[in-house]
Amino acid sequence: MNAADTKTQAQADTSAPIAHIKPLQDTPQRRRILHRLHSRPSVRGSLLALAVLILLVLIAPFFAPQNPYDLLALNIMDGRLPPGSEHMDGWTYWLGTDSQGRDMLSAILYGLRISLMVGLSAVLISTLIGSIAGLLAAYKGGWVDTLVMRLVDFILGFPTILVALVLLAVLGRGVDKVIIALVIVQWAHYARIMRGRALQERRKEYIEAAQNLGFPTWRIMMVHLLPNCMGPIMVFATIQIATAIALEATLSFLGVGVPITEPSLGLLISSGFEYLLSGDYWISIFPGIALLLLILSINIVGDRLRTSLDPRH
């Protein structure tokens with residue numbers, strides 16, 4: 001082939017239309033993570049149990065036999081009825097009643113709503129505050145880093161349950177007060193994790209390139225640095241939901257959490273604790289089983305998510 005033929009072939013190749021390449025809808029890393037999440041029966045069972053519990057919580061007002069928050073609907077004469085007892089109106093107490101005459105099935109469903117709302121709200125707010133504080137400390141450095149981290153060390157230096165008890169003793173009882181107390185004791189964990197991750201990412205070339213291009217500080221922090229630091233935060237937040245739910249149940253069990261008119265799982269367990277030895281086991285056992293299933297499902301899913309996102313596995 002001479003030079004003229006080569007030139008003609010090059011022009012033909014140049015004039016040919018370029019095939020449109022679709023972006024990848026899937027990647028080997030994504031497939032690997034999803035395979036790890038679905039490979040173990042325990043994870044599938046936990047996801048199914050968690051989905052069922054959330055579904056029951058969402059549709060509870062539509063099929064729950066009773067509104068346990070309506071004090072006028074309670075009858076103390078129906079107190080401490082065993083599971084399977086019938087109400088005078090014809091419906092059945094499938095899980096029995098507590099000492100106030102509440103239907104335990106309705107109380108557990110509404111108690112799960114409070115637990116999930118408190119856990120998700122506390123973790124969401126804590127993640128937001130802690131991530132911004134840790135990101136700011138890592139990027140700014142200097143006195144900002146020193147101030148934030150000394151505050152984090154101060155909060156983490158006390159037992160979590162002790163700080164929450166003191167805060168609720170000052171703030172009073174209520175769902176919003178419990179969320180505030182949990183945020184105050186949990187945001188420091190996110191700040192420390194975010195700071196450590198952001199310090200690693202801050203030394204990389206893409207951050208230096210963004211700085212050299214003259215991007216404002218807020219854009220470098222929020223658009224470039226924050227998305228690359230959210231992996232460990234997401235895994236930790238998933239596990240902390242279960243921790244927040246357990247802490248709320250502990251505070252309610254001790255009598256400083258939610259008010260009596262809005263019973264949560266911890267308060268239900270506490271109200272039936274004194275009747276365990278008298279044979280009325282259902283008042284504490286059934287809310288305890290529901291709390292155990294909820295926390296166990298979230299912990300298994302969170303732990304498997306951590307393993308799946310770990311590049312060393």
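The values are calculated or read from the model by the stated rules, or taken from the named source; none is laboratory data. Predicted, not measured: the structure shown is a model, and the values here were computed from it. Because the Cβ atoms are built from the backbone with ideal geometry, glycine has one as well, and the counts that use them run over all protein chains shown. For the accessible areas, the whole protein counts, side chains as well, though only heavy atoms, and no ligand, DNA or RNA atoms are used. Shrake-Rupley method; radii C 1.70, N 1.55, O 1.52, S 1.80 Å.
For the reader, a short list of remarks on this structure follows.
- Of the residues making up the stretch 154-174, those that are in a helix (DSSP H, G or I) and over 23 Å from the mean Cα position of the chain (by Cα) are PHE154, VAL166, ALA169, VAL170, LEU171.
- Filter pass, GLN200 being among the polar types (S, T, N, Q), at pLDDT 90 or above and either over 15 Å from the mean Cα position of the chain (by Cα) or under 19 Å from ILE132 (Cβ atoms) (or both): no
- Among (1) of a type in the set (Ser, Thr, Tyr); (2) assigned to a helix (DSSP H, G or I); (3) open to solvent by 20 Å² or more (accessible area, probe 1.4 Å) - the single one SER252 does not satisfy: (3)
- Test: PRO232 is closer than 24 Å to SER126 by Cα and open to solvent by less than 70 Å² (accessible area, probe 1.4 Å): yes
- Tally of residues being of a type in the set (Gly, Ala, Ser) and touching a residue at least 12 places away in the same chain (Cβ under 8 Å) across the stretch 51-83: 3
- Here the condition is being open to solvent by 30 Å² or more (accessible area, probe 1.4 Å), among the charged types (D, E, K, R), in contact (Cβ under 8 Å) with a residue 12 or more places away in the chain and out of contact with any strand residue (DSSP E or B) (no Cβ under 6 Å at 6 or more places or on another chain); of ARG113, ARG44, ARG102, it holds for ARG113 alone.
- Residue list for the stretch 170-201, filter: basic (Lys, Arg) and either surrounded by fewer than 17 Cβ atoms within 10 Å (Cβ to Cβ) or touching a helix residue (DSSP H, G or I) at 6+ places or on another chain (Cβ under 6 Å) (or both): LYS177, ARG192, ARG195, ARG197
- In a residue-by-residue description of the stretch 121-128, the property of being among the hydrophobic types (A, V, I, L, M, F, W, C), closer than 19 Å to ILE220 by Cβ and surrounded by 15 or more Cβ atoms within 10 Å (Cβ to Cβ) applies to no position.
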